[in-house]
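The values are calculated or read from the model by the stated rules, or taken from the named source; none is laboratory data. Quick caveat, the model's predicted, so the values are computed rather than measured. Glycine also receives a Cβ, built like all others from the backbone with ideal geometry; neighbour counts cover every protein chain displayed.
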Amino acid sequence: MKVVGYMEGTDPGVLTKLVVEGVETLPLSNGWDNHGKHLTLLNPADNISVVVGNLHKFLRLEDETIFNAMLATVKAYDIMVLFVVPKELHAKAAKAVKSDDLKYKFVDPADLADAIMAHLKN
């Protein structure tokens with residue numbers, strides 16, 4: 001079964017749609033919000049296909065090493081990250097995300113459900 005890991009603040013309507021479509025969801029934490037399983041503790045047994053969340057849940061502007069450390073397991077297990085960012089801010093967001101070895105895309109909030117389902121079909 002495919003599993004979508006999601007950060008706090010992810011649209012509950014999108015999460016409900018996923019569950020109705022037969023996709024398991026797993027709450028994830030950045031360590032500050034204690035929302036779910038900490039990102040650094042992910043492992044293959046979690047069967048995560050994609051991680052989704054608002055960009056601010058991952059990015060700490062004062063220290064990019066936090067960003068890279070937090071996403072180390074995501075990188076190690078080659079998991080796609082869908083950063084939720086309004087379309088008009090994608091270019092600015094691209095300048096803020098400094099990681100060459102991370103598989104990620106920026107997704108407008110209105111397109112999130114479709115982007116997740118498209119990724120899961122691959």
Extreme residue, nearest to the chain's Cα centre (by Cα), among residues of the stretch 25-73 that are under 27 Å from M117 (Cβ atoms) and charged (D, E, K, R) = K57
Within the stretch 104-122, restricting attention to residues that are part of a helix (DSSP H, G or I) and touching a strand residue (DSSP E or B) at 6+ places or on another chain (Cβ under 8 Å), which residue is farthest from H90 (Cα to Cα)?
-> L120
Pair list, Cβ under 6 Å, 6 or more apart: the stretch 95-122 residue under 20 Å from T10 (Cα atoms), other residue at pLDDT 95 or above and part of a helix (DSSP H, G or I) | F106/H90; V107/A115; D108/K87; L112/V14; A113/V14; A113/K17
Is at least one residue of the stretch 39-50 in contact with a helix residue (DSSP H, G or I) (Cβ under 7 Å, 6 or more places away or on another chain) and under 20 Å from A110 (Cα atoms)?
-> yes
Counting residues that are at pLDDT 90 or above and not small (G, A, S), which helices (runs of 4 or more DSSP H) fully inside the stretch 11-98 reach at least 1?
-> 12-20, 72-76, 90-96
